[in-house]
1. Measure nothing but the geometry: give the 0 to 90° angle between the long axis through the Cα atoms of A:346-358 and the longest principal axis through the Cα atoms of chain A, rounded to 10°.
2. So if R0 is 25 Å, what FRET efficiency would residue A:176 and residue A:9 give, r being the distance between their Cβ atoms, rounded to the nearest 0.05?
3. Which Rg and Dmax, in Å, describe the Cα atoms of chain B?
4. In which sequence would B:33, A:372, B:108 go, from the one with the fewest C-beta neighbours within 10 Å to the one with the most?
5. Nearest 10 degrees, 0 to 90: what angle lies between the long axis of helix B:126-136 and the longest principal axis of chain B (Cα atoms)?
6. Taking Cα centroids, how far is the stretch A:160-211 from the stretch A:345-419 in Å?
7. Under the rule of -39500 (n - 2.57) per DSSP H run of 4 or more residues, summed and divided by the residues of the protein assembly as shown, what mean residue ellipticity at 222 nm is obtained, to the nearest 500 deg cm²/dmol?
8. On C-alpha positions alone, give me the angle between the axis of helix B:140-149 and the longest principal axis of chain B, in degrees, nearest 10.
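Read-outs throughout are calculated quantities, based only on the coordinates presented, and are distinct from any laboratory measurement. Source: prediction; values computed, not measured. Because the Cβ atoms are built from the backbone with ideal geometry, glycine has one as well, and the counts that use them run over all protein chains shown.
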């Protein structure tokens, strides 16, 4: 390995950037493979190994660079491989495709049609990434570089102009000017609350007490959200650059990065980034020769949702249990070790270099009046295209779900979008044209949250999902305040009862009362927002609750106690598959004889429903299937 | 001819080859004559059946000796086991020492230290907690508070294979809880438990961060996405086989 020299001035940085670029041959083939969690789960490592062995076999190992990159968002169709030059995007690449890719695309510069993206509607192959519907409507300011950067190489980031914003800030701007710029840009906290970052910075800057701290919150515990992970894994330096700029503006000398232990790749890449930045003189003492010194440490979280709350997170860094404390004085004034501490989310920090590089006015030109810039969402659930999407604020939910998400899976009917995780709410179909920004979502009782966006279809039971969130929060509640500890438990009891078909009519009123109590009296945001899923589901989907209680009927046929499985004798082809897969041996039948489910033995696991190729197994709610008749012979249709 | 006959007979009795070699050994080593051997034999038989002697029967004594020997062997095994356990603990404490040193003995690194121990041993043992308390000067109550608060930390030994079923929202709406039920049913354990053979631990996690592939489970970090409950048994059986080999 070449030893890297310390950069001692902005000129050094510029020179290094030019050196790196000069050394790069634009014609040199590069195979960029996504190795972040999603693609890895689909076998990206094996694909990479295959490329290595295949290139060696063809004696091309020295000529072709294999670059491990971060997430491009479209995890659904991974593992993803890009071939440069030519920008050929291949999806769902398997190790056995590799020899062909090497011989045709890398050596022969041809495109393999088979591996290109297939349009869901037209069935045509799409060559350019910009034409893929999933990407077409996105505005990828933060995630774009993930495809070009090896997160373990600082050179890749510097080559793209990385750390130039830091250099500009340190030598051309006063801390107050940086602060003004961020305030003017109207950058709002991406972690959920949407609090203006500039104002937060200012509070910490003006608060008495030294030293001051800056912190990165990557305790992304919200189930169904993973945008912070993608940034941390794919482009750690952009977060670090933002953090250093923030530290300069605030006057902090020490920083902490709080990452979930459950994100091992993110922890590793961030640690590497810190080391490289220090070696290059971009972090540590006397950064770039400016006289400004700043150190950063990583703190790994150990799996507690509530630790993402600001005061809890700071307690955790102090080595205490990550439980929230009352915040009569904000943490930005008295936080970590009772000192002024500025905590922002990963995505918030990542926006800072963009703002300083391209100006507050440019940033304001993106998004809506109240919410500038872009936001990364994790669009998941029952949509066709799932993954990370970065869109300008103000895009409508309809565009997100139908244009980018490609509509609902299996042609089913849309029911709701859930945003903001356990602290957010359900947004029904009539609000689909709502522009997505901080204020609009709050108006309909939900919130932006960190950006989880879960699409629900007619096959999802709202009561069940609400119960799911409540159950999650019961487990994650730290138990310090009574409303959250006991109130949530009571709510869960009631929801369990409703799902079990034992709900009472007065339950809905009790749910509303308890929700109100939670909102008014909880200690931290975990409790005060815990009622959001309950309140919004009661407002928009009250009829579903009523169906559960009055008719013992689960419209989505999800709640176990209210659903039975039944084999339709007209459709059953007596193929024995369900019979073999039934774990409780509840299905009887033989060749040429219609199969019958014994309802007493059935444990409602749904295995038969999944495996039946003739769609003969049906769900019935209320659970009252027609009487079973045994020994009926199969009538086979001619077609 | 007569000489050979001698070898096959002892005071007129036909004897086997083994008995003959024993006989010659006694004659040679003990220096006893045939008659003396006969008389001694008589005595031993008498003693054995406790006839005409005050001593307890030899059979009983032999049995006692045997019991004692078994007992000692057991104790020795027990001591060895304790020795091994103590060695193990000492090794663990040394490891903990180096982990604590890595963080400069800083009490605010408590969570990081516990995480490192969890990663290495798959659980945090009581001696480990006592030792950390000693080294950091942090009361045991706070260590226990921390170790029980965080989900990642376990106070029980974990199984050889760690099964994590994603119960995040995206997986939930695609049937993650059914996958969990199937795993629980096949292994006959509940979420958060370890099978009695110590082969599997089952854990529900809130989000593995690959929602696009839901429902997902991981076994020892290997991902299984787009799962159907009917496929779970086959996947698990692969690990059961490999577990037996290990």
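1. Roughly 50 degrees, rounded to the nearest 10.
2. On the way: r = 23 Å, r/R0 = 0.93.
Efficiency, rounded to the nearest 0.05: 0.60.
3. That works out to 33.6, 100 Å for Rg and Dmax.
4. Values: B:33 10, A:372 24, B:108 16.
Starting with the residue having the fewest Cβ neighbours, the order is B:33, B:108, A:372.
5. Approximately 60 degrees, to the nearest 10.
6. 23 Å
7. Details: 33 runs with 366 residues, N = 885.
Result for the protein assembly as shown: -12500 deg cm²/dmol, rounded to the nearest 500.
8. 70 degrees
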